[in-house]
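Read-outs throughout are calculated quantities, based only on the coordinates presented, and are distinct from any laboratory measurement. This structure is a prediction, so every number in the text was calculated from the model and none was measured. Using ideal geometry, Cβ is built from the backbone for each residue, glycine included, and neighbour counts are taken over all protein chains shown.
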Amino acid sequence: MSSVQLIADTNVVSYLFNKSALGFEYAELIDCRNVGITAHSIAELRTGAVIAQWGERRLNELLRFLEKFAHVPYTKEMAQVCGGIRGHRTRIGEPIDWPDAWAAACALWLDVPLVTHDRDLEGIPGLRVLTVHREWRVREEAFGALGTLWLGEGSSLCERSLA
């Protein structure tokens, strides 16, 4: 996998694929950076295609479009980060879906911004977000007692190894 510079959330990939007005705004925001997507995003997009009963031609268009993105592989460290995000958000009464938590975890672990239009991702400590959402609130909160559990046992933002 080449060096990913951003992680794209499913909604942004969908806007880009459908060439919507938001898609054009996100294309401009992303510019020429190498963008990664998660398997969760691929699964979400496939789910939408099945529900909408896309034909073979449209589905093949989607598959070709997804080839433009770098696939971000799963790691146990990313799983630790994802679990920390979901656990904390559930504990404070703001649960987050698996695909959103996974996208945030990947961006945090790889130390790259997440490009999203999803306000469910607001307020995740350390998460850098690129968005064109006009109502996005910037809010950081401390995780306090979570300590090293946040990025996996013994990890910190400065100590992670991507080897």
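Looking across segment 88-125, the residues that are part of a loop (DSSP other than H, G, I, E, B) and farther than 17 Å from Thr10 by Cβ come down to Ile92, Gly93, Glu94, Pro95, Asp111, Gly123, Pro125.
Restricting segment 60-71 to residues that are surrounded by 16 or more Cβ atoms within 10 Å (Cβ to Cβ) and free of Cβ contacts under 8 Å to residues at least 60 places away in the same chain leaves a set whose member that is farthest from Thr131 (Cα to Cα) is Leu62.
Name the single residue that is farthest from the chain's Cα centre (by Cα) among those in segment 57-77 being farther than 16 Å from Gly36 by Cα and basic (Lys, Arg). Give the derivation first.
Taking segment 57-77 as the starting set, the residues that turn out to be farther than 16 Å from Gly36 by Cα are 57-61, 76-77.
Okay, now just the ones that are also basic (Lys, Arg), so 57-58, 76.
Values: Arg57: 27, Arg58: 24, Lys76: 17 Å.
Looking at the filtered set, the residue picked out is Arg57.
Considering Tyr15, Tyr74, the condition of being hydroxyl-bearing (Ser, Thr, Tyr), under 23 Å from Ser3 (Cα atoms) and either free of Cβ contacts under 8 Å to residues at least 40 places away in the same chain or in contact with a Phe, Trp or Tyr (Cβ under 6 Å, 6 or more places away or on another chain) (or both) is satisfied by Tyr74 alone.
Mind listing just one residue for me: the one in segment 27-46 that is in contact with a helix residue (DSSP H, G or I) (Cβ under 7 Å, 6 or more places away or on another chain) and free of Cβ contacts under 8 Å to residues at least 60 places away in the same chain and, of those, surrounded by the fewest Cβ atoms within 10 Å (Cβ to Cβ)? Across segment 27-46, the extreme among qualifying residues is Ala27.
Is it the case that Thr90 is surrounded by fewer than 19 Cβ atoms within 10 Å (Cβ to Cβ) and either closer than 23 Å to Val35 by Cβ or touching a Ser or Thr at 6+ places or on another chain (Cβ under 6 Å) (or both)? Write out each step before concluding.
Numbers: surrounded by fewer than 19 Cβ atoms within 10 Å (Cβ to Cβ): yes; either closer than 23 Å to Val35 by Cβ or touching a Ser or Thr at 6+ places or on another chain (Cβ under 6 Å) (or both): no.
Criteria not met by Thr90.
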